Each structure stands twice: as C-alpha cells, then as structure tokens.
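Below: one structure, written as structure tokens.
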Amino acid sequence: MPDATADNAMTDLVVPADPGSSSLSSTLDSLQPAENDASEPMPPRPPQQHPSEGSECAVQILYEGPPKCQCCKNWVEEYPDDLRQQVEDQAEIKQKALIKRMRKNHEEGKPLVLDSIVVQSSSLKRTLGEVFDGYKGITPSLKKVVFKWPFHPFYHRWGLFTEILERQKREDPETAAYSVLLYDELQKELGDVRSEISDHVHHGVITYRLLWAIFEPGVLIVTSKDGHERFYVVQDCAYNNKECYLAISAIFIDWDGQRFGFATETVQICEYSGTQDVTTLSAYPTDLHPFKEEARTKAIKRGERFKDLRGFQYKTYSGLVWFQYCGREFERNIDGRVILDSSAYFHDNPDENEPLSKLDSDSIAPRINVADEKHSDYSSDDNGRRWACGTGRMRSRQRQERQLRRRRTRDGEVFQEREREPEHDLTEDQLLLCSTRLRGYSLKMKQWLTFDVDRISDIAWNDDAFPKLMLPEGYQNLVLSFVEAQNENKFAFDDIIEGKGMGIIMLLVGPPGTGKTLTAEAVADKVRKPLYVLSAGELGQDAQRVESRLNSILELTEKWDAVLLFDECDVFLQERSVTNMAHNEIVAVFLRLLEYYRGIMLMTTNRASTIDRAFQSRIHLTLHYPELESAAKEHIWRQFTSQLELDNTFTDDMYSRLAQLSMNGRQIKNTVRISGLLAHNEKTKLGIQHLRTVLGATRDAHGENI
C-alpha cells in the first residue's frame, strides 16, 4: 500500500505553476513546505555559493546572432538556428575563463569563423599583462579583455608567451591550466601562419598577404623619401583593401616652432603578387639593411643639421620644395633666399598643425585595443567619416576644428604660443628619427613651403653692392645710418600715443633705372637682414583683402626684422578723391596700419607728387634720385662688362662714348647681358658691334652714336 505519511507530505509542498520555465536547480530551490501549524519549522538554508567570474577552467563558444544595430555584433550562446540575445550576461557564461565568438562568414569557405576571444579569467589576464609588457591599452583589472582576429599581437609576442607558459607549468600548474586554454586556441589560428612566415623570412622574402608580420610595433624601419634614407618607428600597420596597399603608421621627430616631438606619417607598400625580396620593398626593418651603420651615421648627421636649423633662420635654397594645395602635396624647383620659421608657417596654415607627442618612451609605446565594441550613435563609412546611426547626417569634429582655426587666422586672431619647453639635446637615437624637411617662406615665390634640409645653405652676402651704388654724395651714409640706428634701436621714441611712430619709413623718388630698388637690396645685405619686396599685385584691390594681407605682411616682416620694400607705392597711395571711394578706403587702411609699424620700410616711386599728403607726413626721409650723370653711366658700363665671363675689346674712349647714351642703369644692364649672350654664341670677344646690334634691335639708342 502507498505510504500515507508520504502522501500527506507531498500535499504540503507548493509547486510552481510552470516548472518548465526555470532550470531544475531553481525549481528545487523554490519548493517550500505549505504553512502547517503542526509541523516543525525548517532550519535556515545556507546562502548558495556562486563561482566567481572566470574561475571555471573551460572555453565557452558564442555565435553571431541577428544584428541589433549597424555598429555592434550580437553574440549568442547557441548555433544561429535558435538565437538567444544578451547571452554573455548569463551567470553560466560569466564563469568561463574564455569565450570564443564565432561570426557568420560572408565570404567563401566555412560558414562560421572566429571573430574574437574574450578573456574573463583573472589569472589569465595577469598572464597577458606580462606577455604584453610595454604595450599601452591592456589593463588586467578589466572585467573582460577582448582580442580580435587575426591576433597579430600574439604572433609578435609568441616566443615570450611560450616562455611564460613553460615557467608556469613548473612553478604554478593551476595558473598554467588557464594559460594552456588560450595558448591552444591561438595555436589553432596562428600555427600554420607562424610556420609560413618563418619559412619566408628565413629566405629573405615575404608575400603581400604576410607583410604585416615584419612590421612589429616598436620596430625601427627604413624607407626612401626625397632622395634620403629615412628612419621611422612602427606604430601599427593595416591593409587598405579598397586601394590595395599596406598602410604603416610610422613615428618620426618633427619641429613645430616651439619644441621637438613625435609625429606620425603613413608609409605605403603597394600590393604585389608572389614573393618579394624584403630589402627591395619601399620600407623594411632596419636590421635587414645591407649597409645599416653607414645609413645610420648619415641620418644622424642630417638630424644634427635639422636640430641646428630650428627656430628663425635666414638662408638660401636651391632644389625641390613642397607645398599643400586643396589637401594635396605638390612640388617644384626654386632658387633663392628663404626664411625658416615653423611657428609662423603653422600660424598661416593652421590646418596642417598637428600636435606633437612628448619625446618619451611612453609616446612611442605600441598600443593594443582590448576593449569590447560598444554601441555608438555614430558609425563610419569607408572614408572614415562619422555618420549619425540611422539618420545619414555627417558629423566631423576634425572638420569643424579646422574651420574654426582657419576662421580665427582669417580674422587676424593670433594664437597663443605654447610655453616653450626646456631645451634639451637630442640623443643619437632621436636624431636618427628627425625629419628631412623644414617649413618656411620663399621670399621669391611669396609662398609657404617645405624645404629639404640638405638643400639649405648659408647666404653669400653681396658686400660689394652697397659701395658701388651710384648715389649723390652723402646718400649712402644717410640711408645706412637710418637703417643701422633702427637695427640697434637707437633714438627710438614713441608718439604721444604709445606704440605709434616706432618704425622707419623712407621714400626713394626718381626716374626708372636710377638705383632705387638696388639701394634697398644693397642696404639689406649690408645689415644682414631679409628683404621682403611688396608689390601692388600681392595685395589685391579690395580694401578688406588689402587690410588682411598688409597686416599679415607687416607682422611677418616685423617678426623677422626684415627690410620691407614697397615698390611703386604710388599705385596705392595716390591722393584721395571724392569720386573714388574704394581707393579712399585703401589709403585709409595704409595710413592706419603703417602708423603702428615698428620695422624698416623703403618705398619707391617715380611719381612722388601723386602721393596723398596725409601719407607724406608719415615719411621720415625722402631721397630724390636724379638722372644718371655721364661719369656714373660710364662706371655702370665698366661694372657690368667686367662681370661677364667674356673678354671684350672696349677702350676708354669707347666707354666714354657709351656714357653719352641716354640710358638708365637698368637699360645698360640688360644691353650688356644680351650682347654677352650674342658674343658667346658667336664664340668671339664682346665688341662694340654686338652693342650696336642689340641697341638697334631694341631701339634704345641709335647705333651711329657709338
């Protein structure tokens, strides 16, 4: 017969209405005796102990499920036929030391491929902290650490990982058990790849598919750029499958006008078929360089010159230069004097001003991303632009910042310069990484450019030019005393209003070819100052543009302590009238800005009477250049013919006759130059017949006069 006592006990139990909706353990825990005054109270149950996260020595596999948004993957526990969302939040999953996430393969091959491995074991996270010692971005204290396929960092640290595992097997078998889990999973993914890479590297070749393996973060590489062998430190690398190249993010040392610092540049290796000799690649590890020490010594010497040329420098240049236009880099050849000034360069080109990192080991330490993907309101397209998720609205913070910097510069706002860091000598390893380019301004092209360090040289000053000026008596000393006094800040005093009238303005008046421009050029060389030649076409015709451009030029020439030559100034400074309001605005701009100019300005004109009277009162010295006398013209004829690398047949009588021609200095120079070319082509000495031919053709004089 059935046990009646057992039957009564069963009727006292309360069973959940839907036991199938809970697990067996939770169902049993929920079973409680019904209230019965006759029964004895049950003793309290001890609290249930749940295993800590990552304590179970096992691997959990998760699968990619239906997407919930465009930016994240949804990981589920079961095969995609029956999906359950938010599976990683379940207690059973959190107990696993490792989680393997399998995603759908949208290409040919296996239907599912490994996407990432999540490390949850605290023991294993401590081990990985040791494996990736020196990397930034890995924090063992995180709840979970995510490594994404194809696990390149593990390839670079595989030898160290193996050593640590062997040590753990001897000293701490329990910790080793967790390490073996990850080691075995990674061996399945990297084993064949490691063997293939080892075979290629042993033979000194590499395929494009395996190219990433030789560019370990932190490794020194060498590449050829601008005719130089450049050295960089690898930050990371990634394949650009759209444009078919490997992009290497490379670190070098640059100068921003205030301090040295680390900058990054992208080095590209285009896709190729088959294998290729590593040393024939456009970039490769320095250890494989056949003449490593020779290349290193040369680069360090160039780095020394780069360091010495920092700050403001007035130099001469001959060779290729580079400039930016519409986001692209162009190049051309120039020959002339330049000013090296990175600070002023970035002030006028704020879009190119990328912040430099400090010169310490932390700035170039390789970085590893072990964070899990998080939901974002923005996603990126193939061009790296950020779009609002679900709206198609582009948000580009960098574009907004560039526009702000450009607007501030256009409005005349001067950026506050960062506090200059203490000077320190660069080490040889840092000199090795120095850039081969310096930024500055071409006085000839009137353009901001980038210059090759090896093409920059000292200026050969023309000290003979000033003594040879054909000026009226006393002019030379007068001009020189004005310029040198301003240079030494002697006899300088403010106007009643502070800051006004601190500069020197000289007006040189005379017919063309009498030496006005030559005076400015000779004076600038005499006092070793840059000469900035300002022309009317450089300023434009709109008053607002004239003010912006003139203000920029005055700031630069004052900063560079240059001599400013305003040639043919009467174009802008003609007397105002009631019928030309646009011109009146321009004159007003000049009057206001030049009032506060602190530098040296020389202006030339052959129409002094047309200059506005208000401006004439602001001129400190006016020099009148008369027509050249016969003695001065004879001296000019002798001077220019002696400069030709040709013998001539001229006698003293011939020079006297040439001095009687109605010609100015510029016309004499051009005539001698063309006559010299004619004589050189005929392979004869320069004679009077060559001058007759040139003068007859140009109609500057009649041949019968000579």
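Readers should treat all values here as calculations from the given coordinates under stated rules, not as data from a laboratory. Please read these numbers as outputs of a predicted model, since none were measured by experiment. A quick note on method: Cβ atoms are made from the backbone with ideal geometry, for glycine too, and the neighbour counts reach across all protein chains shown.
Using the beta-carbon distance between residue 282 and residue 105 and R0 = 25 Å, what value does 1/(1 + (r/R0)^6) give for FRET efficiency, to the nearest 0.05?
Values: r = 33 Å, r/R0 = 1.32.
The pair residue 282/residue 105 has a calculated efficiency of 0.15.
If I take R0 = 45 Å and measure r between the Cβ atoms of residue 275 and residue 72 in this structure, what FRET efficiency does the formula 1/(1 + (r/R0)^6) give, to the nearest 0.05?
Working: r = 39 Å, r/R0 = 0.86.
With R0 = 45 Å, the Cβ-Cβ based efficiency is 0.70.
Which order results if 451, 566, 590, 323 are arranged by neighbouring Cβ count within 10 Å, fewest first? Walk me through the intermediate numbers first.
On the way: 451 24, 566 27, 590 21, 323 16.
Least crowded to most crowded, the residues run 323, 590, 451, 566.
Rounded if a/c is under 1.5, else prolate if a/b beats b/c, else oblate: with a ≥ b ≥ c from the C-alpha gyration tensor eigenvalues square-rooted, which is region 56-202?
Details: a/c = 1.98, a/b = 1.31, b/c = 1.51.
Judged from the Cα gyration tensor, region 56-202 comes out oblate (a/c at least 1.5, b/c at or above a/b).
Would you mind getting me the FRET efficiency between residue 579 and residue 551? Use the beta-carbon distance for r and R0 = 30 Å, nearest 0.05.
For residue 579 and residue 551, the calculated efficiency is 0.65.
With point charges of +1 on the Cβ of Lys and Arg and -1 on the Cβ of Asp and Glu, referenced to the Cα centre of region 171-305, which listed residue (198, 186, 260) lies farthest in the positive direction of the dipole?
260
Hey, fewest Cβ within 10 Å first, where do 225, 125 land in order? Write down the numbers at each step before the final one.
Details: 225 15, 125 22.
Least to most surrounded, the residues fall as 225, 125.
Going through region 144-213, which trypsin sites (Lys or Arg not before Pro) have at most 14 other Cβ atoms within 10 Å and a DSSP loop state?
On the way: sites: 144, 148, 157, 167, 169, 170, 188, 194, 209; in loops: 144, 157, 209.
Here the sparse-neighbourhood loop sites are 209.
So, in nm, how far is label residue 298 from label residue 268 when the simple model puts each one 7 Å beyond its Cα toward the Cβ?
2.6 nm
Can you compute the modelled spin-label distance between residue 591 and residue 462, with each label point 7 Å from Cα toward Cβ, in nm?
3.7 nm
If the only charges are +1 at each Lys and Arg Cβ and -1 at each Asp and Glu Cβ, what is the size of the charge dipole of region 185-324 around the Cα centre, to the nearest 20 debye?
Values: 16 positive and 20 negative charges, 158 e Å.
It comes to approximately 760 debye.
Going through region 616-678, which GluC sites (Glu not before Pro) have at most 11 other Cβ atoms within 10 Å and a DSSP loop state? Could the numbers behind the result be given before it?
Working: sites: 627, 629, 634, 645; in loops: 627, 629, 645.
Here the GluC sites (Glu not before Pro) that fit, given the DSSP loop and packing criteria, are 645.
Would you mind classifying region 237-303 by shape? Square roots of the alpha carbon gyration tensor eigenvalues, ordered a ≥ b ≥ c; an a/c under 1.5 is rounded, otherwise it is prolate if a/b is larger than b/c and oblate if not.
Numbers: a/c = 3.89, a/b = 1.31, b/c = 2.96.
It is oblate, given that a/c is not under 1.5 and a/b is not larger than b/c.
Within region 248-306, which trypsin sites (Lys or Arg not before Pro) sit in a loop by DSSP and count at most 16 neighbouring Cβ atoms inside 10 Å? Could the numbers behind the result be given before it?
Working: sites: 259, 292, 296, 298, 301, 302, 305; in loops: 259.
Passing sites in region 248-306 do not exist.
Could you tell me which residue out of 599, 535, 522 lies farthest along the dipole of region 475-624 toward its positive end? Charges go on the beta carbon: Lys and Arg +1, Asp and Glu -1, centred on the Cα centre.
About the Cα centre, the residue reaching furthest to the positive side is 522.
Taking the beta-carbon count within 10 Å as an exposure proxy, list 202, 635 from fewest neighbours to most. Write down the numbers at each step before the final one.
Details: 202 8, 635 17.
With the fewest neighbours first, 202, 635 line up as 202, 635.
A 26 angstrom limit on the alpha carbon distance is what I want to check against. Which of 73/96; 526/633; 188/292 exceed it?
Values: 73/96 20 Å; 526/633 23 Å; 188/292 37 Å.
Check vs 26 Å cut-off fails for 188/292.
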